[in-house]
Amino acid sequence: MNSVKSQLDQINMNIREACEKSGRSVEDIKIIGVTKYVSPSRTKEAIDAGIKHIGENRMEGLLHKQETILRHQAKWHFIGTLQTRKVKEVLPYIDYLHSLDRLSLAKEIEKRLTDHVLDCFVQVNVSGEESKHGISCEDVIPFIQELKEFKHLRIIGLMTMAPFTDDQGLIRHVFRKLKESQLEVQNMKIENAPCTELSMGMSNDYRIAIEEGATFVRIGTALVGKDL
């Protein structure tokens, strides 16, 4: 495999080009290194190369990485579906949750958190694919309104996954719809839902996502490859 540093250099170049094309600043974009298919040593290589955000989609992978990588060396994102029964085990190890998609999950997080606020993205299934988790665009505002009184949740943004397709027009449409929803929530000025962020774009479509407003891009294979 290529070094993470060489892969990151190419990704940063692509990000600069996407930002120039869309009139954005590269400072607005944060790369989440998705490490579910790589070992702790490869994850550490990503951190040493300058990646400040690490994403895992399974509790077991998250805990395994943190057995060998110090907690404070990165910001840790849980990007997979979080089962309510595993909330208690996961919360001590994450800084961000990207998959808040139901009231029962929000209630369990609120119950378990006592000493800090968790930054959350509401997961939205913009494309309506049955294989994807998340609420519909139409349910975003009602759902966030239900969370107004939750003192330990902060809705910093929305998250989605575009269809895996070569149809760039469809991908762009999905990202654009999420941006529209994000602005609607932001304009409501809800205290615990500033909703200034957009988590969208992966290895195959992060450049389009940036052009459409992404602030966090979740990049796995294009950055760290696979060694598991």
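The values are calculated or read from the model by the stated rules, or taken from the named source; none is laboratory data. Just so you know, these numbers come straight off a predicted model, no measurement behind them. A quick note on method: Cβ atoms are made from the backbone with ideal geometry, for glycine too, and the neighbour counts reach across all protein chains shown. Please note that ligands, DNA and RNA were not included when accessible areas were found on the heavy atoms of the full protein model with its side chains. Shrake-Rupley method; radii C 1.70, N 1.55, O 1.52, S 1.80 Å.
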Test for R218: is it open to solvent by less than 60 Å² (accessible area, probe 1.4 Å), within 16 Å of the chain's Cα centre (by Cα) and of a type in the set (K, R):
yes
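Conditions tested, residue by residue: (1) closer than 30 Å to M1 by Cβ; (2) touching a helix residue (DSSP H, G or I) at 6+ places or on another chain (Cβ under 7 Å).
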{"site": "L118", "(1), (2)": "no, yes"}
{"site": "V124", "(1), (2)": "no, yes"}
{"site": "K132", "(1), (2)": "yes, no"}
{"site": "E146", "(1), (2)": "no, yes"}
{"site": "E149", "(1), (2)": "no, no"}
{"site": "M159", "(1), (2)": "yes, no"}
{"site": "H173", "(1), (2)": "no, no"}
Note on T68: of the conditions (1) of a type in the set (V, I, T); (2) more than 30 Å from A106 (Cβ to Cβ); (3) under 20 Å from the mean Cα position of the chain (by Cα), unmet is (3)
Could you go through region 70-78 and let me know if any residue there is closer than 25 Å to N125 by Cα and either of a type in the set (S, T, Y) or part of a helix (DSSP H, G or I) (or both).
no
Determine, yes or no, whether R85 is within 21 Å of G134 (Cβ to Cβ) and open to solvent by 50 Å² or more (accessible area, probe 1.4 Å).
yes
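Residue by residue, here is whether (1) in contact (Cβ under 8 Å) with a residue 40 or more places away in the chain; (2) open to solvent by 20 Å² or more (accessible area, probe 1.4 Å) holds:
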position: P92; (1), (2): no, yes
position: V122; (1), (2): no, no
position: K132; (1), (2): no, yes
position: M161; (1), (2): yes, yes
Can you work out which of the residues in region 177-202 that are open to solvent by 30 Å² or more (accessible area, probe 1.4 Å) and either of a type in the set (A, V, I, L, M, F, W, C) or within 14 Å of the chain's Cα centre (by Cα) (or both) is nearest to A18 (Cα to Cα)?
M202
Conditions (1) without any contact (Cβ under 8 Å) to a residue 12 or more places away in the chain; (2) open to solvent by 60 Å² or more (accessible area, probe 1.4 Å) -> G169 fails only (2)
When you look at R112, is it in contact with an Asp or Glu (Cβ under 7 Å, 6 or more places away or on another chain), charged (D, E, K, R) and either surrounded by fewer than 16 Cβ atoms within 10 Å (Cβ to Cβ) or over 23 Å from N57 (Cα atoms) (or both), yes or no?
no
Checking S99 against (1) closer than 23 Å to G61 by Cβ; (2) not in a strand (DSSP E or B), only one condition comes out false. Which one?
(2)
